1. Does B:Met307 qualify as being more than 14 Å from chain A (Cβ to nearest Cβ) and buried (at least 21 other Cβ atoms within 10 Å of the Cβ)?
2. In region C:124-148, how many are hydroxyl-bearing (Ser, Thr, Tyr), modelled with pLDDT under 85 and surrounded by 18 or more Cβ atoms within 10 Å (Cβ to Cβ)?
3. Here are some conditions: (1) within 20 Å of the chain's Cα centre (by Cα); (2) more than 14 Å from every other protein chain (Cβ to nearest Cβ); (3) touching a residue at least 24 places away in the same chain (Cβ under 8 Å). C:Trp324 meets all but one. Which one does it not meet?
4. Conditions: (1) of a type in the set (Phe, Trp, Tyr); (2) under 27 Å from B:Gly41 (Cβ atoms); (3) part of a strand (DSSP E or B). B:Tyr239 meets all but one. Number of the miss?
5. Output the strands (runs of 3 or more DSSP E) that fall wholly within region B:119-223 and possess 2 or more residues being more than 20 Å from B:Arg75 (Cβ to Cβ), or say none.
6. Of the residues B:Glu161, B:Glu175, B:Glu165, which is farther than 22 Å from B:Lys255 by Cα, charged (D, E, K, R), surrounded by fewer than 18 Cβ atoms within 10 Å (Cβ to Cβ) and within 12 Å of chain A (Cβ to nearest Cβ)?
7. Being polar (S, T, N, Q) and assigned by TED's automatic domain parsing to the domain that holds C:Gln293 narrows it down to one of C:Thr69, C:Thr10, so name that one.
8. Name the residues in region A:138-182 that are within 14 Å of chain B (Cβ to nearest Cβ), exposed (fewer than 13 other Cβ atoms within 10 Å of the Cβ) and not in a loop (DSSP other than H, G, I, E, B), would you?
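The values are calculated or read from the model by the stated rules, or taken from the named source; none is laboratory data. As the structure is a prediction and not an experimental result, all values here were calculated from the model. Cβ atoms come from the backbone with ideal geometry, glycine included; neighbour counts cover every protein chain shown.
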Amino acid sequence: MIVERKELTLLEKTYLPGIAQGIRITTKHFIDTVTGRRKVTMQYPEEKWTVPDGYRGAPYLVKDQEGRTKCVSCQLCEFICPPKAIKITPPGPSVNSALGGVEKCPEDFEINMLRCIFCGMCQEVCPEEAIFLMRDYSLTGESREEMIYHKDKLLTLGGTHQDAIQKWKKKESEAQAQAPFH
Amino acid sequence: MAEIASQKAPADTPPPVEMVRVRINDMDVDVPKTHPDPLTGKPVPTTMIQACEQYGVEVPHYCYHPKLPVAGNCRMCLVEYGLPALDRNRQPILNDDGSPKVQKMPRPAIACATPISPGMEIYTDSPGTIEMRQSVLEFLLINHPLDCPICDQAGECKLQEYSYEHGQSESRFVEKKVHKPKQVDLGPRIMLDDERCILCSRCIRFSRDIAGDDALGFVNRGSYNTLAAYPGRSFDNNYTLNTVDLCPVGALTSKDFRFKMRAWFLKETKSLCNSCGTGCNTLVGTREEVIYRQEPRENNAVNSSWMCDYGRLNYKWQSSENRLKTVTAMRGDIREVLNWSQLLGEIIPRLQRFQPGQIAFIGSGQMSTEEVFLFKSLAEKMGGLVEAYSSSGESDRLLLNADRLPNTNGLRIHHFTTSGQISPSSTHISEGIKKGAIKALFVIREDVTAHGISIDLLESLELLVVSDIHRTPATDVAHYVLPGAAHFEKRGTFVNVKGRIQKFMKAVEAPGDARPEWEFLHEILHKATGQNGFSTIEGLFNLMAQKVSALHGLTWASLGDLGVQIEIPDSR
Amino acid sequence: MTLAELLISTLKIVGLISVVLPLIAYSVVAERRISAAIQDRVGPNRVGPFGLLQPLADGVKFLLKEDFTPSYVNKVYFWMAPALAMIPSFVVFAVIPFGSMLFGEKMVVADLNVGILFTFAIVSLSVYGIVLAGYASNSKYPFLGGIRSSAQMISYEIAMGMSVIPLFMLTSDPVFFSQGLSESWNQFLMGTSDLNLSRIIAYQSGSFFDWLIFKQPLAFIIFLAAAFAETNRLPFDLPESETELVAGYHTEYSSMKFALFFLGEYAAMIAASSLMVVLFLGGWSLPLWGLDQPADNVFLGLLHIIIFFSKVSLFMVFFIWIRWTLPRFRYDQLMNLGWKRFLPLSLANIIVTAIWLWFKS
């Protein structure tokens, strides 16, 4: 398709109407901005943004209502993580009775926030609802090591998840309710 | 176990004469009428599941295992089948076109225990069969905890796989599950999770019939039916960990591997066990240069599908703190770290300075056949005594051999030692050093202080070159230390006590500056004598096969995964 | 030249530079804030109150940046070019009368009778800085920038020169200078001749309509457009033209050397603005409250200087405004405009003015 180029009138050829129109537009914007009628920029550190629901911020670990770590170290998030930001140290064979009936929970859970791309696949793949992308979007640190968040930090930042199932509690109460074994 | 070891590979079995024609789904196939019994080796009637397996038709199963006696208690392999219809005179009823009429049986049969018969039709994918599988799975899952995220078996779990392929996506079970004991300490190496058990009894049959230690059994009834060790008995024979491999679910877990790494992360490398002369075939599971477990790999000529706990757990030395990671040289009293080219540049002229007879060589049955070949060639060029020492332990008359070195026969096929003997301790060399006739010693993979050559004798030498993978008293006094690679860290071959030459593959990288011995031996030999002609282990093996009579006609490729039987020249 | 004269000239130079340099710095701030407002942004507002200390931060940043000299450049010219781009713009200020009288001294560094010719001579030098930068960089984009710049500056210098001829045809009116001026003006202009810039200011005193912008509007428009072209400002910034040439002639420059180009551009803008104020807007004079007469006290003298720089600042804002309003001309449009429109128009303007003068006499 060929678009015919419009022939300019003599006045238009002087560029003057174009220049005048341009100045009118820029002047309007200038006045609107200076008088504060139009406000686009947010003065970030002073003014903060309301994070919308469903926002994918930093991934953190959560505990259930009774303070048990929900993560069971299945390492599916480590497997799915596209940038390989997650590294889990499994607990090994020793039985830890201090975990409150929890059969397995990671020895350490590292998320390298410098590598994390906040895609949310870890949350999606998690069979235990133990990791969630929360609202934190501004993560800072003074070294690379500091940006690798370990289990304790992740659990503190993640807080408590209002878990509808409460798997460990349910298992415990069912086992207590059943007829004694042997 | 003795029977298993003597079992021949399938290719070697003379085909049974009588064949039976059956139909599997829509495929007419000929199947041998009998198969050898897994335990006795006597011919027993072929079952439906064996016929299907032979022609690649999958019949899901839990309790059936080709190496174990049939139990038939899981009901997973239920199939519908048909038989030629007979009239009242027991004559076949024919169709209009003259073919025998097949009558579908009203009730299904378990494929693992039903012998085939001529004209039989097996329907493994009929709607009825599929529905039965679904129902069996539903029952199996009633009390199963469904804790796959926790369970170590996840990823290699038959229950998981069959639920995905044949099961229902949702559970209809609304009642409370029975909670059986968890974290049961069954033995020193086994932890049992009874909730996960589907009561297939494979472990019981293995312990009773293969390992000969009837330690396991079921207790209680109904929903409370539970696997347990007999009261007062610990499940502690040398073959317990095979039950972990056999367990189709995650009920029996290895304490060594439990909660260490998920199965899907592991890279599996075909390797060999180096703990004794049997040379069990293994799969080494590694992730990011860390070895997590060893599992037996089926080789009916060597270890069937099993291996002993001792060999299986004997891999941790690979990552021990004691590993040699740097090339070092003794300068006066100070040990200096060198690089390989510096070291080889120094060591070769120093070795060449000695007259034939002034230098001696000590190898080991831990070296691969190729390394023995290179070391022997070097010793022949330089001229000097060559020794290697035996190391023996107690045999359990099953898989664990008294010869605790993986490659003693590898030494024999090269006629490695000067005396022709492989004895527990040094004779000629220690005397030679005492007399002062031997002034230099080159040792690979042997702590000579444990074989009759004392530290004082070593210190009296003019030159002591030691290559090993761990720090030993000998490496502490050596003038040059060459860090070698474990068999997990290189490729090569071992010849087992029965004269089977088998390959092992590289599973992990050698730590630090450590290098496979054949690499630096090749370089020394090349620089000292000009011998060359290969740069890979394949080339080296093929060269060796041309020069060593026992290996004539073999190539690296022809060894395959299962190895080749060869003649050992002076094994008796 | 006596020592006293030397001292006075030095003082004037120092004084002028101490006004012009901050003016440059704040032109940059103004540019950034105004452009931000035009584009609905905020602009630099963090350093100091309202971002007023931004030039300081910019300066520190320029000084601390790595001064990188690529290996393949022609080192001597590469180092010379930024200075050559900066110096002519400052030299032009020598002949600009930025005020009337202060402490009995004329507020011009060099009161040359060939003032306007001097400015044209010096301005034409600034092309060397850019051409040299383009040539010495030994890199294709700076080279293209340099070539464009030389063609553009030569083209528009002609139109610019032609456009001011009618002004001097008008101001070389002997009748006006012998009768129409006050005593103080006559004394102020003692010993000056036709091309002296102070005479132009004198000619424009009286009323607003005596300003040459009203008497010669065509000349003003041509001069204005040519000034944009001479200073490489949008819509005529083809030597820089970041969409096509990365950064044009200063692509390979960094740190303080880049800063010199940057400062040179703003200094050239101020010089061109000063020239336009003098030629068309009555210079330091204001035809109100007797401010169109040379000052006879310190207060008026300072006021004249303030008036002058206020007018310059207005022009600077105009320069900035135009940059964020108009898109860049295409190269052929630029050449067409210079050679085919402005040159004939300025020639016609000369002839019309000549006819009018002849008719009037």
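1. Working: more than 14 Å from chain A (Cβ to nearest Cβ): yes; buried (at least 21 other Cβ atoms within 10 Å of the Cβ): yes.
Criteria met by B:Met307.
2. We begin by selecting, within region C:124-148, every residue hydroxyl-bearing (Ser, Thr, Tyr); these are C:124, C:126, C:128, C:135, C:137, C:139, C:141.
Among the residues that remain, those that are also modelled with pLDDT under 85 are: C:124, C:126.
Narrowing further to those that are surrounded by 18 or more Cβ atoms within 10 Å (Cβ to Cβ): C:126.
Of the residues in that region, 1 qualify.
3. (2)
4. Unmet for B:Tyr239, out of (1) of a type in the set (Phe, Trp, Tyr); (2) under 27 Å from B:Gly41 (Cβ atoms); (3) part of a strand (DSSP E or B): (3).
5. Values: elements: B:121-123, B:190-192, B:216-219.
By residue number, B:190-192, B:216-219.
6. Details: B:Glu161 fails: within 12 Å of chain A (Cβ to nearest Cβ); B:Glu165 fails: within 12 Å of chain A (Cβ to nearest Cβ).
Every option except B:Glu175 fails the conditions.
7. On the way: C:Thr10 fails: assigned by TED's automatic domain parsing to the domain that holds C:Gln293.
Within the list C:Thr69, C:Thr10, the selection yields C:Thr69.
8. So in region A:138-182, the residues within 14 Å of chain B (Cβ to nearest Cβ) come out as A:165, A:167-182.
This time we only want the ones that are exposed (fewer than 13 other Cβ atoms within 10 Å of the Cβ), so: A:165, A:170, A:173, A:176-177, A:179-180, A:182.
Selection gives A:Lys170, A:Ser173, A:Gln176, A:Ala177.
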